[in-house]
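What follows is a short report on a single structure.
The values are calculated or read from the model by the stated rules, or taken from the named source; none is laboratory data. All values reported here derive from a predicted model rather than from experimental measurement. No Cβ is skipped: glycine too gets one built from the backbone with ideal geometry, and neighbour counts run over all protein chains shown. To get the accessible areas, we keep the full protein, side chains included, count just its heavy atoms, and leave off ligands, DNA and RNA. Shrake-Rupley method; radii C 1.70, N 1.55, O 1.52, S 1.80 Å.
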Amino acid sequence: MKKLSSKEIRNTWLNFFKSKGHKVEQGSSLIPHNDPTLLWINSGVAALKKYFDGSEIPSSRRITNVQRSIRTNDIENVGHTARHHTFFEMLGNFSIGDYFRKEAIAFAYEILMSEEYFGMPKDKVYITYHPTDQETRKYWIEQGVSDDHLIPLEHNFWQIGEGPCGPNTEVFFDRGEKYDPDHLGIRLLAEEIENDRYIEIWGIVFSQYNAVEGVKREDYKELPSKNIDTGAGLERIACILQGTETNFETDLFLPIIQKVEELSGHKYHENEMAFRVIADHVRACTFALADGEMFSNEGRGYVLRRLLRRAERYGRKLGITNPFIYTLVPTVKDIMHDFYPYLDNKEDFIMKMIKAEEEKFLKTLANGEVMLHKMIKNGELSGEDMFKLYDTYGFPKELTIEILEEEGIKYDLEGFEKEMQAQKERARKARSDAQSMNKQSKDLLDFKEKSTFTYGSKPIKAKVIGCFLDGNKVDSLSQNGEVIFDQTIFYAESGGQVSDTGEIKNDDTAMKVTAVNKAPNGQFLHSVELYYGEVKVGDEFVLTIDEERRRRIMRNHSSVHLLQSALIEVLGDHVSQHGSYVDDELAHFDFSHYQRMTPEEIKQVEDKVNLWISQAIPGKVDVLPIEEAKKMGAKALFNDKYGDIVRVVSFGDVSNEFCGGTHVSNTQDIGMFLIESEESIAAGIRRMTIRTSYGAYRHLFLKKDALINRLVDMVGATSGSEVPQRVKSLINEKDEYKKNNENLSMRLANIIGDTLLNKVEDYDGVKFLASFVPNQNRESLFSLSNSIKDKVKDYIIILVGEDGSGNLPLLAIVGGEALNKGYHAGMIVRKVAMYLNGSGGGRPDSASGAGKDKSKLDSLFNEIKGMLK
């Protein structure tokens, strides 16, 4: 058996299947594209779903790939077992309507057993199959697998909801008696007992039936196009070929583990689970962030946050209390960058994201302990509060338990588990029921007649070559349905741009085109609503798009290209597209950026785009090989797949992008560009909404109109023209009110001052006054003190007010002989403020402060003379 590195295993796999006529397809992003049924790409076939459900025909019916995947349905098992991972790589070979069972088994046997490839000993390989699938058993035997190495198992049938399904066969490698302490042997496989001896390394699905709810499995109909879907775990094959105890000692994980040993000062064997959790989870976070996901409190971002926090907690078990996971990213990159070179450019970004999240969680840990102790009631923490700490505040359950047990506090773990189960049930119900591949439309799959699309906008004559009703081919349509023409000018929805709409007519029939989509074989499928008449194959029609709508779409789409260039110039090279939407009203552009844009940045971007529009830059379209396009520096959407020939749209040196959409021929055709809003749609992802031309003007007009109407209502005017005069009148009224208020305040101060004069007493040869004055703020106290001191010569005046906020304003003034005797206003205020649990101070003649405890006022005035010196 060959000892191969993970890099050599990948290359061996891809080269073998390439030699068997398979097209090597680059693995997809971990983030599903236009598939709401998936949280993550979780298998090799998930990224090829469009081929298997018949919604699209691949350029090659034989495909091989290495697909990065994430599964998070059993995060808690990661670290406990030798084989569970959140992030893993699936080696796959696929046949879409080409070879089937016999060839798939022959390929599997050859790559596994041949000394030219993996060279596994035949006596170490065991195969399971479905009991009814005798063909599979026969073909394995024909390849040379002995009968006693073939085990029938009832569970060997792959099905997820409705859609393609079929029996499957699984390949296991026997690691020997060392991993079978009870000496159960083949019973471990036959009775499906969890074990470390027989390791599943490959699964092959024979997708030949169409599952329908309510129909018995034996009555499922055969698919019109039979497929092969396989998946072999790279980590498990590496474990076998490298002869390691578990996957974690392979070259995919060991360098990470060694780095954690260096950081923690502990050895792997001292706490294997902690090292395994950290190594697994940092791989998942690194790749998910590289593929465009961000940390957040929902969906994929929540999963990432949970993985990082779990790894962080296990770091604490190793004595690591500072952020450290981000320092492992370069190690992950070094292991993987030969096959995933895009990690090189993402390394700094990923490290920053992880470090920031780690720092946030360390604060959460500190705050969480405070929150935990507040939640404890009658010496116990309820299950509901325990779950709230976990779910809302991100405080790990295990850490909660650890703290509570150290302090001898009871906790309701059963209640926590009930809350946890309820959350899982809510999540399960929230997931789309459509977790299966779409049912195949045989008629659309089989429809191969050629149809062409041209980018013109003027009406053309075209002939009907296909009529369909709910995907079924018909000879004619007398109701709403779908039509394919030999040629069309109607753009089909794709690349974020909506389809064209318009009308199709001849002398006898008229219909409205409401949408256009691409059929499996690439023809443009027009959804039509009949006004009158009938549509028959062979009929000729005049196709007319809504040209004005097309022009508005073109302006919005071209402006999005200019927008991306402007954002990069203003914000930096880290900006990348994360999606877009373009219709005739507006466009959305989603892009990566760490923070909210400032008004100045938004203005700079808007100004740049409008400048480029005013410069009348000609547009250019090139159709050329993809490698030539890349050499031109054309930008491509990271998650999108492109064919060998691509279309590049450019505007001078400003913009150069892969794009199949419709565009203006010159930037001046856009007319005007307006940024309507800039907002966050996910952690690290911003969305800009824009409008152009008349849409921009209209938005500005409506915005101005709305503002004027609001002002009219606010100032009580009858029209917009009356607003300036009404504002001027309101300002004059405000000034008059202010003047009157000041006069009234002075008069009131004089009245209160006269009342306070009656409380003045003689003390140490000077006049002394100490009083509480309700409903008076600091400024009012100064006015009162001024009115009093003008009527006495030598004085010590101490006033305590109340401003309505709960504070007690303090004021002390000392004048005349009282100053000569050593009385100090600042010292007096400081003592009074301290007595009232406040603070204050000031000059010898004048000082102020504030107290807080109103309950001490009565006793204050009994003791205040003792505070004077």
Q | Any hit, segment 667-679, residues being more than 19 Å from Glu606 (Cα to Cα), in contact with a Lys or Arg (Cβ under 9 Å, 6 or more places away or on another chain) and either outside any helix (DSSP H, G or I) or open to solvent by less than 70 Å² (accessible area, probe 1.4 Å) (or both) | A | no
Q: Select from segment 590-620 the residues that are among the basic types (Lys, Arg) and either open to solvent by less than 50 Å² (accessible area, probe 1.4 Å) or touching a residue at least 24 places away in the same chain (Cβ under 8 Å) (or both) and list them in ascending order.
A: Arg596, Lys608, Lys620
Q. When you go through (1) among the small types (Gly, Ala, Ser); (2) over 28 Å from Asp251 (Cβ atoms); (3) touching a residue at least 60 places away in the same chain (Cβ under 8 Å) one by one for Ser28, which number turns out not to apply?
A. (2)
Q: Hey, could you check segment 683-707 for residues that are over 30 Å from Arg300 (Cα atoms) and of a type in the set (Gly, Ala, Ser) and say which is least open to solvent (accessible area, probe 1.4 Å)?
A: Ala696
Q) What residue, among those in segment 838-860 that are polar (S, T, N, Q) and out of contact with any helix residue (DSSP H, G or I) (no Cβ under 8 Å at 6 or more places or on another chain), is nearest to Gln776 (Cα to Cα)? A) Ser855
Q: Could you list, in sequence order, all residues of segment 369-405 that are assigned to a helix (DSSP H, G or I), within 25 Å of the chain's Cα centre (by Cα) and not acidic (Asp, Glu)?
A: Phe387, Lys388, Leu389, Tyr390, Lys397
Q.
On the basis of being on the phi > 0 side of the Ramachandran plot, in contact (Cβ under 8 Å) with a residue 24 or more places away in the chain and assigned to a loop (DSSP other than H, G, I, E, B), does Gly166 make the cut?
A. no
Q.
Any residue that is open to solvent by 20 Å² or more (accessible area, probe 1.4 Å), at pLDDT below 95, in a helix (DSSP H, G or I) and not aliphatic (A, V, I, L, M) - is there at least one of those in segment 279-296?
A. no
Q: Filter segment 98-116 for residues that are farther than 15 Å from Val205 by Cβ, open to solvent by 10 Å² or more (accessible area, probe 1.4 Å) and of a type in the set (A, V, I, L, M, F, W, C) and give the result.
A: Ala106, Met113
Q: For segment 638-666, name all the residues that are loosely packed, with under 14 Cβ neighbours inside 10 Å and either β-branched (Val, Ile, Thr) or part of a strand (DSSP E or B) (or both).
A: Ile645
**Q.** Residue identified as open to solvent by less than 50 Å² (accessible area, probe 1.4 Å), over 41 Å from the mean Cα position of the chain (by Cα) and small (Gly, Ala, Ser) among Gly176, Gly166, Gly203
**A.** Gly176
(Q) I'd like the full set of residues that are free of Cβ contacts under 8 Å to residues at least 40 places away in the same chain and hydrophobic (A, V, I, L, M, F, W, C), limited to segment 44-76. (A) Ala46, Ala47
Q: Check Gly92, Gly79, Gly144, Gly119 and return the single one that is in contact (Cβ under 8 Å) with a residue 40 or more places away in the chain, more than 30 Å from Met273 (Cα to Cα) and of a type outside the set (Phe, Trp, Tyr).
A: Gly119
Q | Only one of Asn34, Asn11 that is open to solvent by 20 Å² or more (accessible area, probe 1.4 Å), assigned to a helix (DSSP H, G or I) and either over 22 Å from Gln159 (Cα atoms) or polar (S, T, N, Q) (or both) | A | Asn11
**Q.** Any chance Gly299 is open to solvent by 30 Å² or more (accessible area, probe 1.4 Å), touching a residue at least 12 places away in the same chain (Cβ under 8 Å), under 31 Å from the mean Cα position of the chain (by Cα) and at positive phi
**A.** yes
